[in-house]
């Protein structure tokens, strides 16, 4: 597990609109039984994304929207299959989290 890894959403009910979960937890806390995640939603699920709060991110050929306000803790056992890392998009991710917490 690593910060900015992307996982398949294991929940069949929400998978259509939220296909992925983004791990935003720092690797220093890797020994915890939980991870802090942000849902990655389809563009259709967030038709008017907030400029700073909901950046568009690339998962291979797919564009998803970071649903930052839905940040949550999840059991490591509840994560789906790891898809990829998007650590190269770190600046956009951290800026959205910062905006959520500080408003700046």
Output for the stretch 72-88, where each listed residue is outside any strand (DSSP E or B), more than 21 Å from residue 44 (Cβ to Cβ) and touching a strand residue (DSSP E or B) at 6+ places or on another chain (Cβ under 7 Å): 76, 79, 81
Identify, please: which residue in the stretch 12-26 is part of a loop (DSSP other than H, G, I, E, B) and touching a helix residue (DSSP H, G or I) at 6+ places or on another chain (Cβ under 9 Å) and is, among those, farthest from residue 42 (Cα to Cα)? 24
Could you list, ordered by first residue, the pairs with Cβ atoms under 7 Å in which the first is in the stretch 77-102 and touching a residue at least 60 places away in the same chain (Cβ under 8 Å) and the second is in a helix (DSSP H, G or I), at least 6 apart or interchain? 97/68
Residue check: is residue 15 loosely packed, with under 15 Cβ neighbours inside 10 Å, more than 13 Å from the chain's Cα centre (by Cα) and within 16 Å of residue 97 (Cα to Cα)? no
Within the stretch 40-57, take every residue that is within 19 Å of residue 84 (Cα to Cα) and either in contact (Cβ under 8 Å) with a residue 40 or more places away in the chain or in contact with a strand residue (DSSP E or B) (Cβ under 6 Å, 6 or more places away or on another chain) (or both) and give me the one that is surrounded by the most Cβ atoms within 10 Å (Cβ to Cβ). 40
Qualifying residues in the stretch 60-89 (those that are within 11 Å of the chain's Cα centre (by Cα) and farther than 22 Å from residue 31 by Cα) - the one surrounded by the most Cβ atoms within 10 Å (Cβ to Cβ): 66
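Bear in mind these aren't lab numbers, they're just calculated from the coordinates by the rules spelled out. Quick caveat: nothing in here was measured; it's all calculated off a predicted structure. So basically every Cβ, Gly included, is an ideal-geometry build from the backbone, and we count neighbours across all protein chains shown.
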